[in-house]
Amino acid sequence: MKILGVDPGSRITGFGLIEAHKLKFNYLASGCIRTKGELTDRITTIFLEIDQIIKHHQPDIVVIERAFMRPDRPNPDAAIKLGHARGAIISAVGMNEVVMVEYSPNQIKKAVVGKGHASKDQVSYMVCESLKLNKAPQEDAADALAGAICHAYHCL
């Protein structure tokens with residue numbers, strides 16, 4: 001099963017593709033979609049890039065991180081921008097008729113690290129260990145790969 005994880009962001013959207021067979025994972029690809037310009041331009045870029053990634057890699061399922069707002073630092077503007085990015089990703093996935101699932105950041109961290117409030121460094125380390133990578137991927141790509149690994153643990 002090919003699983004594409006996506007970590008949405010309006011400026012940087014991470015993606016990570018793994019192949020999972022039982023609980024054995026193979027790293028296939030990862031990277032970051034970096035956007036520039038006005039919000040509409042950034043959202044269009046995210047949509048087009050995710051569409052191309054799906055068309056090129058043909059994943060069986062796409063995992064997207066569920067949006068959340070920190071209660072101690074609410075930022076409605078950031079949440080709205082994140083919502084636009086998520087909408088672009090969801091639209092690209094839907095247009096390609098690929099099944100999509102969502103997990104919260106805490107669910108992903110708990111599945112990959114063992115605790116729901118793990119640090120970015122802990123997530124990155126466990127992604128490298130799980131996929132036998134020589135070096136850590138970019139932070140947003142590591143988060144996307146963690147989402148893919150989380151789904152593999154939940155469905156296999």
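Of the residues making up the stretch 49-77, those that are of a type in the set (S, T, N, Q) and farther than 16 Å from Met100 by Cβ are Gln52, Asn75.
Here Pro71 fulfils each of the conditions (1) part of a loop (DSSP other than H, G, I, E, B); (2) farther than 19 Å from Cys155 by Cβ; (3) modelled with pLDDT of 95 or more; (4) not hydroxyl-bearing (Ser, Thr, Tyr) apart from (3). Looking only at the stretch 84-118, count how many residues are over 16 Å from Glu65 (Cβ atoms), small (Gly, Ala, Ser) and without any contact (Cβ under 8 Å) to a residue 24 or more places away in the chain. Of the residues in that region, 2 qualify. The residues of the stretch 103-121 that are more than 13 Å from Leu145 (Cβ to Cβ) and surrounded by fewer than 16 Cβ atoms within 10 Å (Cβ to Cβ), listed by number, are Ser104, Asn106, Gly114, Lys115, Gly116, His117, Ser119, Asp121. Within the stretch 8-40, the residues that satisfy the criterion of being of a type in the set (Ser, Thr, Tyr) and closer than 18 Å to Glu65 by Cβ are Ser10, Thr13, Ser30, Thr35.
Has the stretch 76-95 got any residue that is outside any helix (DSSP H, G or I), at negative phi and at pLDDT below 95?
Within the stretch 76-95, the first condition is being outside any helix (DSSP H, G or I), and the residues that meet it are none.
Scanning the stretch 76-95, I find no residue that is outside any helix (DSSP H, G or I), at negative phi and at pLDDT below 95, so the answer is no.
All of Arg73, Arg34 fail the test of being among the basic types (Lys, Arg) and over 25 Å from Gly116 (Cα atoms), apart from Arg34.
With respect to Val101, is the statement that it is within 19 Å of Gly16 (Cα to Cα) and in contact with a His (Cβ under 9 Å, 6 or more places away or on another chain) true? The answer is yes for Val101.
In this structure, is Arg73 crowded, with 21+ Cβ neighbours inside 10 Å and over 25 Å from Ile149 (Cβ atoms)? Taking the combined requirement at face value, the residue does not satisfy it.
The values are calculated or read from the model by the stated rules, or taken from the named source; none is laboratory data. This structure is a prediction, so every number in the text was calculated from the model and none was measured. Neighbour counts are summed over all protein chains in view; Cβ atoms, including those assigned to glycine, are modelled from backbone coordinates with ideal geometry.
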